[in-house]
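What follows draws every value from the coordinates through simple rules; no lab data is involved. Only a predicted model underlies this, so the values are computations on that prediction, with no experimental measurement involved. Methodologically, a virtual Cβ is constructed for each residue, glycine included, from the backbone with ideal geometry; neighbour enumeration extends over all protein chains shown.
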Amino acid sequence: MKPALPYTALATAALLCALVACSGDVAAPTGHEAGGGTAYVSVRLLVAPPEATRLGPAGGNDGDGREPGLERENAIGNATLLLYRQTNAASGLNGDGSAIVEQAVHFPALTPSADGTAYTSPAAECGIAATGGEWHAIVVANMGDVSHEYRGKTVAEVRDDIIDEAWATANDAEQCHSFAMASAEDAALRPTTGDGSRANPYTLSTSVERLAARIDIAPGGGAWSAADGTYTYRVLAEGGTDTGDRFVLRSVTPVNVMAAGSYLLKRVCGYEGTGIEYLGAETADADKRQTNWVLDPWTLKGKDASLYAGTAADVAAKPTAHTDADGDSYYILAYTLENTTLNNDPTFATSLRFTGTYYKAAEWNEEDGSPAADAPGEEKTFTYTLRHSDPDDSADASQPMLYGTVRNNIYRVKIDGVAYEGGSPQLQATINVRKWALFSHSGIVM
């Protein structure tokens, strides 16, 4: 099932910029007039409220609903606005990619609102004369001053840029910060509102989303032991009868965590990689099954072990506990980049390895909830492959995006327990996929 950690980061930017041809020798702005001078731009980023939770790992753009991020996940320290003109204005990012980024404006600092839900930059000149025309915009955040890197590049080069550092790392996932964000929708700047002056700027609405995905663990009904940092699960037979066996979970290890990088801008496609659409929406059928694919830089090229990071086992101990909308406790295990396939091959899909000791009933002391003296138990490892779209829990590999991790989603795995079925124990888990709430640009204002 798919826990979509949905941050629908709606980015509002105030672009006090005129939408028109760039000028090498533009007059100094007066600050109040929109003649032939250079206009100003300011960016304001807002956090959208969470949407209602839904069951399933539902396919499509909103997955199982949306959920607000933590302060350090929402924080925006800097932003850069990229402006380009498109011969075919309607094509935007999905044009032939030959358009040039003519202007790039960096905002080195943004001021948070008192409640931390909005980030606003001071105004800055954008290099565009206020004389009409249409421009398209791309916004990136928390990536430092990349204006010099993208100015002069083609749109194709920008949208295909691979970002390999999408957050500031830390030993504990709870301390990661400075999450890179980029436009979540194509945006066109049109002189239909305002006059491009400081007092009456043109406006544009657009969104930005995090390049990272998040993996959470919800221990479920496991009995916590503070003495050794483990969770103990009853093993149930078919029909729910307690067998007396116990499984002691010691650690959870993320496997195939993408480390080689992510496209700056998200893309989706149809069957076998056809019809690539930049910043296209994930679509779903009436049963909430995904109907298209998300592409990472290696989905079409093929993958090998060199693309992934080696990750250490995370002890099952309760680090920082959070509570979700259903009242379940969970903790953040890791952050990862997009990792997708077109054939749902689990070989290089991101998964979790649950490691612990399995004790038969005769080896377990129920009175004190621990193994009997000198009971060896049996080492057991269960692997759970993260699912992106599986609303009816059918594990149907013929459906698009059964497996995968996609930017700006939370994959929350809840351990339901351990069942003894078919002659062997099976760890049972459900997954819920939620979008991080997008930073909604309620108004890039120009």
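Shown in residue order for segment 214-227 are the 3J(HN,Hα) couplings computed by the Karplus curve 6.51 cos²θ - 1.76 cosθ + 1.60 at θ = phi - 60°: 10, 10, 10, 10, 10, x, x, x, x, 7, 7, 10, 5, 5 Hz (x for Gly and Pro).
In this structure the amide hydrogen of ASP296, modeled in the peptide plane, comes within under 5 Å of the amide hydrogens of THR340, none closer than 5 places in sequence on its chain.
When you work out D = kT/(6 pi eta Rh) for segment 269-418 at 10 °C and 1.306 mPa s, using the Kirkwood radius from C-alpha pairs as Rh and the Stokes-Einstein form, the result is 87 µm²/s. Between amide H atoms placed 1.01 Å from N, distances below 5 Å from ASP314 occur with VAL252, THR253, all of them 5 or more places distant or on a separate chain. Rounded to the nearest 20, the size of the Cβ-charge dipole of segment 267-405 about its Cα centre is 600 debye, with Lys and Arg at +1 and Asp and Glu at -1. Working ranking of peptides 402-408, 280-286 by packing, defined as the average number of other Cβ atoms within 10 Å per residue, highest first, is 402-408, 280-286. For segment 206-247, the equivalent ellipsoid derived from the alpha-carbon gyration tensor has semi-axes of 36, 17, 7 Å in decreasing order.
Show log10 I(q)/I(0) for segment 353-392 at q = 0.31 Å⁻¹, two decimals, from a solvent-free Debye sum over equal Cα scatterers. Log-scaled intensity ratios, in q order: -1.04. Sorting the segments 162-173, 383-394 by their residues' average number of neighbouring beta-carbon atoms within 10 angstrom, most packed first, yields 383-394, 162-173. Annotation: amide H of GLY417 within the under-5 Å range of GLN428, sequence separation 5 or more or interchain, hydrogens built in the peptide plane. In sequence order, segment 234-241 has phi-based couplings of 5, 9, 9, 7, 4, x, x, 6 Hz under the Karplus curve 6.51 cos²θ - 1.76 cosθ + 1.60, θ = phi - 60°, and Gly or Pro positions carry x.
Residues in segment 287-297 carry Karplus couplings, in order, of 8, 6, 8, 4, 10, 9, 10, 9, 10, 9, x Hz; the curve used is 6.51 cos²θ - 1.76 cosθ + 1.60 with θ = phi - 60°, and Gly or Pro positions show x.
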